[in-house]
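First up is the structure itself, then whatever we jot down about it.
Just so it is clear, none of the values below were taken in a lab; they were calculated from the coordinates. What you see is a predicted model, and the numbers here were worked out from it, not measured in a lab. Positions of Cβ are backbone-derived with ideal geometry, glycine not excepted, and every protein chain shown enters the neighbour counts.
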Amino acid sequence: MTFNSQGVSRRSLLSMIGAVAGAGAMYGAMSTMGLAQTSNFAGRLDLQGDAQGTRVLVLGAGLAGMTAAYELRAAGYQVTVLEYREKAGGRCWTLRGGDSYTELGGDTQDVTFAEGNYLNPGPWRIPSDHYAVLDYCKRFGVKLEPFIQVNYNAYLHNSDAFDGQPQRFKEISTDFRGHVAELLAKVVDQQALDADVTEGDAQLLMDALKRYGALNDDMAYVTGEESSAYRGWAVPEGGGTTGKPEPSEVHPLSVILQSNLWRNLTAGDNLHMQSTIFQPVGGMDQIAQAFEREVGDLITFDAKVTRIRHEGDSVTATWVPSGGGDEQTETADYCICTIPFSILGQIDHDFSGRMSGIIDSMYYASSFKCGLEFKRRFWEQDEHIYGGISYTNLPISLISYPSTDYFSDGPGVLLAAYSWGAGSYQFNALPPADRIEAVLDYGSQIHPQYRDEFLSGVSVGWHKVPWVLGCYGIWADREADYMDATVMDGRTLMAGEHISYLPAWMEGAILSALDAVERLHATVTEA
Amino acid sequence: MNRIFMLTAAFAALTLPAAAQEAGEVVMIDRGGWFEDPSRLTQSGGQQVYEAICAACHMPDGEGAVGAGDYPALADNENLMTADYPIYLILQGQKAMPPLGGVLDDTQVADVVNYIRTSFGNDYAEDPATPDSVAAAR
Ligand SMILES: Cc1cc2nc3c(=O)[nH]c(=O)nc-3n(C[C@H](O)[C@H](O)[C@H](O)COP(=O)(O)OP(=O)(O)OC[C@H]3O[C@@H](n4cnc5c(N)ncnc54)[C@H](O)[C@@H]3O)c2cc1C
């Protein structure tokens, strides 16, 4: 049992709260005590104490910067935000018809998607345990809808297995489970687990395995009604004279194992992918726009920060208009810096040697996404795939089907590639038109309709994004450096996804900003 | 479903150059030898490796790029005077640049280092990188 600072045990404190204030208060208390939640979002900030008109400069208007700006203003601070781009949101970004995106090197892509269609080049799904993101969505009126992560009718594909033909997730999943359950049942039957499982438990385990693996009464995983009820039928269940179904053939265990398709069976079981997860209706940048409605008046756009200097009790950022022009400066009492370290390391700054070393040693992961628009939703119309993700060993790595507007007649957009590592490096190195060609080639191996139905595409290689130079920050030595990076350096606190244990998640960006705001406020009010 | 699978097999036979031709006038990069291994780059030769990975940020002619931050130009770059520095950066990464020793082998690293040291206006042919010197720096 753990004790709080007053020395009252956690459980007795909870029962006291429960007795006095009812279940709602008890749940709230459980949450703040870390029992009932996984994100460390401790509820909305309620900063007490006089900010005394303290000026805070926020660098970067991504979600971390805008969270800081919103909370600081609410607590009475004078806030100014400098942002390189012409709009807010940073990586929380959506590309839709009419948008134009120019990457480093100068290639411009004009997006021609139909009304309502979009690509989220960065964040695309919100886990249900990311309480801070979800709370801001609720507060700011961002409408959310389910994001389909797992679809049993989507494909698992390996160009070297099943003659390169994609397999339905439900077939591979059921076969893998069935065979594993059968094997384990045999081991139990041979009493090989006696040392680990009591006799009573062994019987329960057999019952569980039969159910889990869709085994028959002989505890075998075979072609038949039991397995087809999960993996699908060769002739489907129907009505009238042709109603009787025919079971589908199960694949032998060795075929499943050698196919390597089991690799992606558990993707949706990951803590942050577990159903139900969400996306904003209309594109991820609905979150960015909602924040911008709250704090847009504090932001100077098209402002490229080029120098950061601390002098006495103040901090000054020098900036130039992003399109070129005269230098300007902004001075404040404190700074919250959310500029990605990939860029901050190149800015002329006077942070401590320790902080500079940490900034310079953080490198950024490579990532690539491509959205393709097709004339019709052939994945729905021909293949009965409604949302979800197909996985492949091809360089595109996955295809994600839209989790919205099912059964609509017009054109639809697929996330047609989401690559990391070696594949992503090469996509980043190709010009935009070549990337689309490559993605069409690979995708055609899974959906042969690609070439006939293709309308247009847009792609984002994250190392070519001018304002982040990569996907997310990776620590050279997180154990050694993390806490030092959170320390106030001069008058500046760092925030952003990189200052979190939820890197590459919006939740991490927001939590880091909330933590920085609380610490800044403590510094100001305790001074 | 079976019909779709038969079509899939037919389309899988399409070779990359044939598909590229379908796109018409646009001149496409020859992707033969690209994307062959999901976990490594398989191109060989300094220029080929450069074009498949380095060019993304340092640009095809080594001119670098400027956004909210910069990608340094490799053209006319005195930091390339010795091979050790680019070898170190390629293996360790720095700032936006990830360590690339996991996707490139010693020969690829040596070849690409020698390529950038003798291209884009650089003339540092002496003391070239070798697979051994790269291995020693890992
Ligand atoms: C491919 C990809 C997939 C992702 N998927 C998900 C997902 O599914 N779910 C999820 O929750 N998260 C996801 N993320 C992560 C999420 O996008 C980030 O964690 C979050 O948006 C980062 O917010 P931030 O405020 O820390 O940084 P940013 O959003 O990068 O904000 C930094 C801001 O600083 C500005 N800036 C940079 N340089 C300067 C300068 N010199 N002067 C002034 N301003 C400057 C930038 O323009 C930018 O607006 C994904 C990210 C990527 C790239």
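At-a-glance table
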{"read-out": "Reduced Cα scattering model of the range A:389-527, Debye log10 I(q)/I(0), q = 0.11, 0.15, 0.20, 0.21 Å⁻¹", "value": "-0.60, -0.87, -1.19, -1.26"}
{"read-out": "Loop sites in the range A:476-519: chymotrypsin sites (Phe, Trp or Tyr not before Pro), DSSP, at most 16 other Cβ within 10 Å", "value": "A:Tyr501"}
{"read-out": "Estimated Rh, the range A:167-263: Kirkwood, alpha-carbon pairs, angstrom", "value": "14.3"}
{"read-out": "Reciprocal of mean inverse Cα separation for the protein assembly as shown (Kirkwood radius, Å)", "value": "27.7"}
{"read-out": "Global geometry of the range A:267-341, whether rounded, prolate or oblate, following the gyration tensor of its Cα atoms and the 1.5 cut on a/c", "value": "prolate"}
{"read-out": "Angle in degrees between helix A:506-526 and the longest Cα principal axis of chain A, rounded to the nearest 10", "value": "30"}
{"read-out": "Descending semi-axes in Å of the range A:318-378, equivalent ellipsoid built from Cα gyration tensor", "value": "35, 20, 11"}
{"read-out": "Selection of GluC sites (Glu not before Pro), the range A:269-358, meeting DSSP coil and at most 12 other Cβ within 10 Å", "value": "A:Glu327"}
{"read-out": "Within the range B:38-138, GluC sites (Glu not before Pro) in DSSP loop having at most 13 other beta-carbon neighbours inside 10 Å", "value": "B:Glu126"}
{"read-out": "D (Stokes-Einstein, µm²/s), Kirkwood Cα radius, the range B:23-138, 1.567 mPa s at 4 °C", "value": "88"}
{"read-out": "Sum of -39500 (n - 2.57) over DSSP H runs of 4+, divided by residues of the protein assembly as shown (222 nm, nearest 500)", "value": "-10500 deg cm²/dmol"}
{"read-out": "Cα-based equivalent ellipsoid of the range A:109-169: semi-axis lengths in Å, sorted from largest, via gyration tensor", "value": "32, 19, 10"}
{"read-out": "Exposure proxy order (Cβ contacts within 10 Å, fewest to most) of A:Tyr450, A:Tyr152", "value": "A:Tyr152, A:Tyr450"}
{"read-out": "Degrees, to the nearest 10: A:169-189 long Cα axis against longest axis of chain A", "value": "70"}
